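The values are calculated or read from the model by the stated rules, or taken from the named source; none is laboratory data. Bear in mind that the values here come from a model prediction, so they are computed numbers and not experimental data. In this analysis, Cβ positions are derived from the backbone assuming ideal geometry, glycine residues included, and neighbour counts consider all displayed protein chains. SASA here: full protein model, heavy atoms, side chains in, ligands and nucleic acids out. Shrake-Rupley method; radii C 1.70, N 1.55, O 1.52, S 1.80 Å.
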Amino acid sequence: MEIEETTLGGGCFWCIEAALQLLDGVSSVKPGYAGGKIKNPTYREVCSGLTGHAEVVQITFNPDIISFEKILEVFFSVHDPTTPNRQGADVGSQYRSIILAHNDHQLKSSKEIIQKLDEEKIFDNPIVTQVEMLKIFYPAEAYHVDYYKNNPSQPYCSFVVKPKVDKVKRVFSTLLK
């Protein structure tokens, strides 16, 4: 059994983590930070917007069960890849849409999928998702792990995360665990 990893950012990592954890073939989704200038950033530093890091999740998956491309299909459905440095009320470079590939296949496939989505005008505006190779991933503080599962009644979870989770359950029911 071959295992792969990829790293994605699409706004608050609580949303992306909760949505992608539902997928069959995904064995782990770890929140963290990537794409910035300093080593071992903290949540507070990343939230300042001064480190250059994005809130991301690192996904471990079995490509025999779920393809990288299917993961991206779900990823693009649960965030707006057309708004630079913004997801809803969350504003700042830490909330940018970004794909941090772990290999050449992911890099090439990501660019092709974005081009196809743009050509098909799936979104009203062009996709601004950054695509690059992952340099380094820094795990987030422990309290961010399984945040939605552990805090479902927290207002942000109720009003922002839950609708995304519900959408994945509704639209991608055949891909669920």
**OP:** Inspect all residues belonging to the range 133-144 and state whether any of them is among the charged types (D, E, K, R) and either in a helix (DSSP H, G or I) or surrounded by 13 or more Cβ atoms within 10 Å (Cβ to Cβ) (or both).
**Re:** no
Original post:
Quick one: residue 84 ticks every box in (1) of a type outside the set (Val, Ile, Thr); (2) modelled with pLDDT of 95 or more; (3) in a loop (DSSP other than H, G, I, E, B) bar one, so which box is it?
Top reply: (2)
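When only residues in the range 87-129 that are hydrophobic (A, V, I, L, M, F, W, C) and closer than 18 Å to residue 160 by Cβ count, which is modelled with the highest pLDDT? Lay out the reasoning, then the answer.
Residues of the range 87-129 hydrophobic (A, V, I, L, M, F, W, C): 89, 91, 98-101, 107, 113-114, 117, 122-123, 127-128.
Narrowing further to those that are closer than 18 Å to residue 160 by Cβ: 89, 91.
Numbers: 89: 82, 91: 90.
In this case the residue turns out to be 91.
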**OP:** Determine if the range 67-74 includes at least one residue that is of a type in the set (Asp, Glu), within 18 Å of residue 114 (Cα to Cα), open to solvent by 20 Å² or more (accessible area, probe 1.4 Å) and out of contact with any Phe, Trp or Tyr (no Cβ under 7 Å at 6 or more places or on another chain).
**Re:** yes
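Identify, please: which residue in the range 87-113 is assigned to a helix (DSSP H, G or I) and among the aliphatic types (A, V, I, L, M) and is, among those, surrounded by the most Cβ atoms within 10 Å (Cβ to Cβ)?
113
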Original post:
When you scan the range 59-81, how many residues do you find that are in contact with a strand residue (DSSP E or B) (Cβ under 9 Å, 6 or more places away or on another chain), outside any loop (DSSP other than H, G, I, E, B) and either over 15 Å from residue 9 (Cβ atoms) or of a type in the set (D, E, K, R) (or both)?
Top reply: 4
